[in-house]
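The next block holds one structure in the form of structure tokens; read it before the comments.
The values are calculated or read from the model by the stated rules, or taken from the named source; none is laboratory data. Predicted, not measured: the structure shown is a model, and the values here were computed from it. FYI the Cβ positions are ideal-geometry reconstructions off the backbone, even for glycines, and counts take in every protein chain you see. Heads up: the accessible areas ignore ligands, DNA and RNA and are worked out on the full protein's heavy atoms, side chains in. Shrake-Rupley method; radii C 1.70, N 1.55, O 1.52, S 1.80 Å.
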Amino acid sequence: MAAPPATEPSSALSLEQLPTDPLLLILSFLDYRDLVSCCYLNQRLNQLSSHDPLWKRHCKKYWLISEEEKSRRNQSWKAIFTSTYSDLGRYIHYYATLKKAWDDLEKYLGQWCPRMISSLKESAREEDLDAVEEQIRCKLPDDYRCSFRIHNGQKLVVPGLMGSMALSNHYRSEDLLDIDTAAGGFQQRLGLKQCLPLTFCIHTGLSQYMALESVEGRNKYEIFYQCPDRMARKPSAIVMFITGTSYLEWFTSYVHEVVTGGYPIIRDQIFRYVHDKKCVATTEDITVSVSTSFLPELSSVHPPHYFFTYRIRIEMSKDALPEKTCQLDSRYWRITNAKGDVEEVQGPGVVGEFPVIGPGKVYEYTSCTTFSTTSGYMEGYYTFHCLYYKDRFFNVKIPRFHMVCPTFKVSTA
């Protein structure tokens, strides 16, 4: 049998022989770090990885650079990415999320609370943040620094960016502190060691603090309202109502509530009432909905005294007949705490008023309650009488709504 003919050895296919388009397609799936690494492998990959459209995706993903901004800056996508990275590179995992939150918030405020826009400060410089770290001798988290590179908090004005709350004799409005004011309020006293204030209310003196270290029973970067322990002998004994686990989570979740309409806008300011969409009841043509809020500044864990405020909205359908116009006469509440203890309350009107409700009309009011337990719920009904048929009385259901104290912990100081 004859031997098979010898075959010529196949020559290896070099990178230089590969067509450009498939290589560019492969490079388009790489992250910015791998794309940079390709620049150092050989001359061909260096040329291909500098292909400007490859950097467009990274500019949009990490820095939210738009086509309009690129045109304004008159630079290539790669040059924009490189220059932005040299300034904000340490924040690359936070910047897009926080920038979008700020942009969404500004757009919303421009429509609903325009005067609040003017209270926002320009961005802080990197050296300003470094100087604060030197001053307080503690590192600031990168997500906090990143946010302040976009906006350095706000001026101490009313209303505050971080929400308001009002009752008949109580008002709270929290400003987002700029970096210098926050550094001035940095705490080293027992009970609040290494805690940086994020917000401040001029009226109540209330602040939300961020723990910069894991001390006194706090987790690092945890955010909380501090509440004195009224039964402890030591002034340093405090209770912390937790409002966030990191600055990123705390700020973006607040912005989400604002821009999605979770918090109502009342008199050109953001009110921090939480509305459960299931907490709505309709009786004939009248709909009652409820939103609630916890007030840490009026609450206490020791002794147990948890203060809640609620906002009621009563609305008659615009399609209702005019003869359905009616007036509220009285209210009945059934209040149940977490132990199952029940209190019943009945009385004339609401907050001293006897509102008239007609087609398309809305009446809103705010009231409050306290519990000796960390949670509870209320439900009941209003009694109305018709203005056209004065002998007709009927009850309108108030949906059951729950109030729950935030998670809290006691300082180990």
Looking only at the stretch 183-207, count how many residues are farther than 16 Å from Ser173 by Cα and part of a loop (DSSP other than H, G, I, E, B). 9
Can you name the number of the only condition in (1) touching a Leu at 6+ places or on another chain (Cβ under 9 Å); (2) among the β-branched types (Val, Ile, Thr); (3) without any contact (Cβ under 8 Å) to a residue 60 or more places away in the chain that Thr325 fails? (3)
Select the helices (runs of 4 or more DSSP H) contained entirely in the stretch 26-75, then report the ones holding at least 3 residues which are crowded, with 16+ Cβ neighbours inside 10 Å. 32-38, 43-49, 53-63
Within the stretch 308-318, is even one residue at pLDDT 95 or above, under 30 Å from Tyr388 (Cβ atoms), acidic (Asp, Glu) and in contact with a strand residue (DSSP E or B) (Cβ under 9 Å, 6 or more places away or on another chain)? yes
Name every residue in the stretch 336-354 that is under 32 Å from the mean Cα position of the chain (by Cα) and either surrounded by fewer than 17 Cβ atoms within 10 Å (Cβ to Cβ) or at pLDDT below 95 (or both), in order of residue number. Ala338, Lys339, Val351
Of those in the stretch 356-407 that are more than 27 Å from Pro264 (Cα to Cα) and assigned to a loop (DSSP other than H, G, I, E, B), the residue nearest to the chain's Cα centre (by Cα) is Thr373
Name the single residue, out of those in the stretch 278-324 being open to solvent by 40 Å² or more (accessible area, probe 1.4 Å) and of a type in the set (Val, Ile, Thr), that is farthest from Tyr382 (Cα to Cα). Val280
Restricting attention to the stretch 207-239, the residues that are at pLDDT 95 or above, of a type in the set (A, V, I, L, M) and touching an Asp or Glu at 6+ places or on another chain (Cβ under 9 Å) number exactly 3
What number of residues in the stretch 208-225 are open to solvent by less than 10 Å² (accessible area, probe 1.4 Å) and either part of a loop (DSSP other than H, G, I, E, B) or among the charged types (D, E, K, R) (or both)? 2
